[in-house]
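Please treat every number below as a calculation from the coordinates, not as lab data. Everything numeric here is computed off the predicted structure, so don't read it as measured data. Using ideal geometry, Cβ is built from the backbone for each residue, glycine included, and neighbour counts are taken over all protein chains shown.
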Amino acid sequence: MSDRDPPLRALILQHEEPTPAGLILEWLGERGIEIEHCRVDLDERIAVGDQDLVVSLGSEFAAFDDHIPWIPSEAGFLADALHHDVPVLGVCFGAQLMTRVLGGRCYRSEESEIGWLPVRTTDPDLIPGGPWFQWHFDSFELPPGATLIAESPVGPQAFLVKRSLGVQFHPEVTPQIMDEWVRAYRHELDAEGVDPDGLLRETQEQAAPNRKRAWRLLDTWLARVAGLGAVAGRAG
């Protein structure tokens, strides 16, 4: 980047040790975007500052569970960011919390989704049809003013609100992340009858194509939706 083009600044909101940013972190680095991390479960002191974009990652907790003290705190932060038109990328829990602060309803779904699954998309340039990795038990209703971009038989999978994007699936997942999820959350797989070895094999098979899909989604969001296209294609 030239001296005339200061790098963008991204804030990543991570909620537990096993849920890092994965491919999103790699993509931000390739695009020369400065990265600030916040472990919300360890440090609730987050405030809208000079961030150009915010990424809210997944969580083992429900976006409607205010017994978890950092959830109302992050909800307030995201509401402030969205009010000031800071582009937000919400991933799984992050998308559900976006929905909540925008006036939509989040709830425990009657059906879980775990595995590499396709989505029905109306905008394949932004949201390719997948398969995308899913691991969630909650769903949501679109908030007022949102545009549905993708869905599955269980519920919404991607939506837009102004410059922000919420996705129910996990574009950030890598084989390393999957190894940790299988270790940390094996009880959920057992309860749902999901074969962990099969999940790990399929994640290895999907690693390269998933990276291509994730880059397409992230680049299109940054340039076309967030309106930061002047820097979207430049590596640092």
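Assorted remarks:
- Most mobile of PRO209, PRO18, PRO156 in a GNM of the chain (Cα contacts under 10 Å): PRO209
- Förster radius 45 Å - calculated FRET efficiency between ASP195 and ASP50 (Cβ-Cβ, nearest 0.05): 0.50
- Extending 7 Å from Cα along the Cβ direction at LYS162 and again at THR147 yields two label points whose distance is 1.5 nm.
- Both numbers refer to the Cα atoms of region 181-231; Rg and Dmax are 16.4, 47 Å.
- Rounded to the nearest 20 debye, the dipole size of the chain about its Cα centre is 860 debye, using +1 on the Cβ of Lys and Arg and -1 on the Cβ of Asp and Glu.
- Computed log₁₀ I(q)/I(0) - Debye formula, equal Cα scatterers, no solvent, the chain, q 0.10, 0.11, 0.12, 0.16 Å⁻¹: -0.42, -0.51, -0.62, -1.16
- Top positive-direction residue, dipole computed over the chain with Cβ charges, set PRO6, TRP27, TRP215: PRO6
- Three-way shape call for region 100-164 based on the alpha-carbon gyration tensor, with the a/c threshold at 1.5: oblate
- For the chain, built as a Gaussian network whose Cα springs stay under 10 Å, the top-fluctuating residue of PRO20, PRO144, PRO87: PRO144
- Relative contact order [Cα under 8 Å, 6+ residues apart], the chain, whole percent: 21
- Note on ALA208 and HIS187: the extension gain reaches 4.8 nm, defined as 0.36 nm multiplied by sequence separation minus the Cα-Cα distance.
- Of the DSSP H helices in the chain, those whose Cα atoms cover at least 15 Å axially and whose Kyte score averages -1.0 or more: 70-83
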